[in-house]
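Here the structure comes first, spelled out in structure tokens, and everything after it is commentary.
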Amino acid sequence: MAAAATHSKPRREPERSADLVDPSILSAVGDVARPRGFIRLNHDLDHLPGRTGWVAGVESIVGMVRQGEVHFASLIGRYGPVFKHMMGLDPVVLIADPDHVWTLARNDDRAWSAALAWGHYFGGLYPSETSDGLLNLDFDLHRDARRLLQPAFGGPAIGGYVESARPLFAEAIDDWMRRGTIRFKPEVRRLFARVSAKIFMGVDDPAEAEMLDRAMTDGWQAILALRRRTRWGLGWRRAQRGLDTLWATLRPRMESRRGGSGTDLLSRLCQTRAEATWLDDDDTRMRLFIGMMFGAFDTTASGTASMAYLLARHPMWQERLRDEARALPDEAPTPDALKTLERQEWVWKETLRLYPVAGILSRVTLREVSLGGARIPAGTLVSGLTGAASRDPKWWTDPLRFDPERFSPERAEDKRHKATYLPFGAGAHACVGAQLAGVEVKAFWHQLLRRGRLRLAKDYEARHCYTPIGIVSGDVEVILEPL
């Protein structure tokens, strides 16, 4: 690991909410908006239903990997809407009631910290005392960073990204059509690694894209690591290797992008002036950039693989989407034209409902709070089960059935409660790249469905699983038939 780089600190007064934060947390991390340390998670959860201990921790990881949302549904059925459990070796309070999840997501009372939660999982991987991704910042500092990033995700920028991605989509689809049978999950991941390398860094090199894929796959292992910030943790060492690779590869690129005219996301980030002086530091922007890559590449590739499985099993919907795509007059429609693909939007939303990519919303309590009458002490890791809410029969008609029309204006089942469908989060920490992901997916399927049909090489009943990104099980081996 390289030595910690010098970085500037934010020139602002501490958050006004500091007097509402438990003193032990403040002494451990300093500014809760940009933590410079870690807390020991609260273990005082004996008053709540559920299980703790290392056996429950191992079972939780196995359950998430093998059964995904079915695992969480079984826990909710056993313990109710607020209960204790384990995430690996970490004690956690899991909440399933949509009203409570909305309280967590909105954080109007500033009682919940995303920065401490994600710092617990990823803190210590960067060559710095801070992590500085959008998930690792809170309150005013988070808003500063979001303003800096917003131009890179505006309409003109997204249009440029889609134009860069189209030839890569076409090249991959040509190759897949020639081969006839492909394992869709690894192939689409490889494709979106190339797309991400190009639109994020301006690099069109398959070898570098493969490096990017490996490094981010390694980095995500921090979530499942049983031991963190120690060389004795195998998952943590793998995550550290991934972050070291990303930093060593990307940091020199940033130095050459200031004052340039590139249109990739890294160049746009380097060219944008920050309202807050603390964001003018290159290392700070580098940490923000790496955090964005983790939130954008894996999630889009995973959602697209799950959508392929569903379309392969439901050929009628393939035909409906194909007819809709052919109605567009342009072979290479603009992002605005892609927005008119209403039925494809329904299918994309239904995919993320059935196979949520990020079905857990994690926070740490900054002070003692109460949810539904349950006391939750300061320093407790709390996870809102947004994926479970998207399968709850109380809010969804026949929730395990593939039914994209539930998102039509006439039915609008996703509008029955503001917290039952949150595939990209909500509140201040809602995903800044959600629009880019949606446009990328539409551009990809617009090309593929106009050229071919896909069906499963061998039909199977897939499960949802977390690895740790949520995705359909199996390799989704498909046969592509040219039209």
Test His71 against the stated conditions and say whether it is out of contact with any helix residue (DSSP H, G or I) (no Cβ under 9 Å at 6 or more places or on another chain), of a type outside the set (Gly, Ala, Ser) and assigned to a helix (DSSP H, G or I). no
Output the qualifying pairs, or none if there are none: Cβ atoms under 7 angstrom, residues six or more apart or on different chains, first residue in region 377-403 and at positive phi, second residue assigned to a loop (DSSP other than H, G, I, E, B) and of a type outside the set (Phe, Trp, Tyr). Gly379/Asp22; Gly379/Ile39; Gly379/Leu41; Gly379/Asn42
Can you tell me which of (1) touching a strand residue (DSSP E or B) at 6+ places or on another chain (Cβ under 9 Å); (2) at pLDDT below 95 is the one His71 doesn't meet? (2)
Against the condition within 23 Å of His142 (Cα to Cα), touching a Leu at 6+ places or on another chain (Cβ under 7 Å) and assigned by TED's automatic domain parsing to the domain that holds Gly155, how does Ala274 come out, does it pass? yes
Based on what the data block shows, is Ala332 assigned by TED's automatic domain parsing to the domain that holds Ala145, farther than 30 Å from Ala207 by Cα and surrounded by fewer than 17 Cβ atoms within 10 Å (Cβ to Cβ)? no
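Residues Ala248, Ala239, Ala207: which one is assigned to a helix (DSSP H, G or I) and under 20 Å from the mean Cα position of the chain (by Cα)?
Unique residue meeting the criteria: Ala239.
Checking the condition modelled with pLDDT under 95, aliphatic (A, V, I, L, M) and part of a helix (DSSP H, G or I), which residue from Ala337, Ala358 passes?
Residue meeting the stated conditions: Ala337.
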The conditions are (1) out of contact with any His (no Cβ under 8 Å at 6 or more places or on another chain); (2) of a type in the set (Gly, Ala, Ser); (3) touching a residue at least 40 places away in the same chain (Cβ under 8 Å); (4) within 23 Å of Leu480 (Cα to Cα), and Ala327 fails exactly one of them. Which is it? (3)
Examine region 100-109 for a residue that is among the small types (Gly, Ala, Ser), crowded, with 20+ Cβ neighbours inside 10 Å and within 23 Å of the chain's Cα centre (by Cα), and state whether such a residue exists. yes
Just to check your reading of the model, which residue among Leu310, Leu354, Leu321 is aliphatic (A, V, I, L, M) and in contact with a Leu (Cβ under 6 Å, 6 or more places away or on another chain)? Leu321
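Here is a yes/no grid of residues against (1) assigned to a strand (DSSP E or B); (2) touching a residue at least 40 places away in the same chain (Cβ under 8 Å); (3) among the aliphatic types (A, V, I, L, M); (4) surrounded by fewer than 17 Cβ atoms within 10 Å (Cβ to Cβ):
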| residue | (1), (2), (3), (4) |
| --- | --- |
| Tyr121 | no, yes, no, no |
| Leu135 | no, yes, yes, no |
| Ala157 | no, yes, yes, no |
| Tyr161 | no, yes, no, no |
| Ala172 | no, no, yes, no |
| Trp176 | no, yes, no, no |
| Pro186 | no, yes, no, yes |
| Ala197 | no, no, yes, no |
Please give the number of the condition Glu255 fails out of (1) buried (at least 16 other Cβ atoms within 10 Å of the Cβ); (2) at pLDDT below 90; (3) among the acidic types (Asp, Glu). (1)
Of the conditions (1) modelled with pLDDT of 95 or more; (2) assigned by TED's automatic domain parsing to the domain that holds Met86, Gly372 satisfies every one except a single condition; which number is it? (1)
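Going through Leu352, Leu328, Leu361 one at a time, which residue ends up being within 22 Å of Phe402 (Cβ to Cβ) and among the hydrophobic types (A, V, I, L, M, F, W, C)?
Matching residue, one of Leu352, Leu328, Leu361: Leu352.
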Just checking, does region 305-320 include any residue being in contact (Cβ under 8 Å) with a residue 60 or more places away in the chain, assigned by TED's automatic domain parsing to the domain that holds Asp140 and of a type in the set (Lys, Arg)? yes
Sort out which residues of region 256-283 are of a type in the set (A, V, I, L, M) and either closer than 26 Å to Val162 by Cβ or not in a helix (DSSP H, G or I) (or both), and write them in order of number. Leu265, Leu266, Leu269, Ala274, Ala276
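The values are calculated or read from the model by the stated rules, or taken from the named source; none is laboratory data. Predicted, not measured: the structure shown is a model, and the values here were computed from it. In this analysis, Cβ positions are derived from the backbone assuming ideal geometry, glycine residues included, and neighbour counts consider all displayed protein chains.
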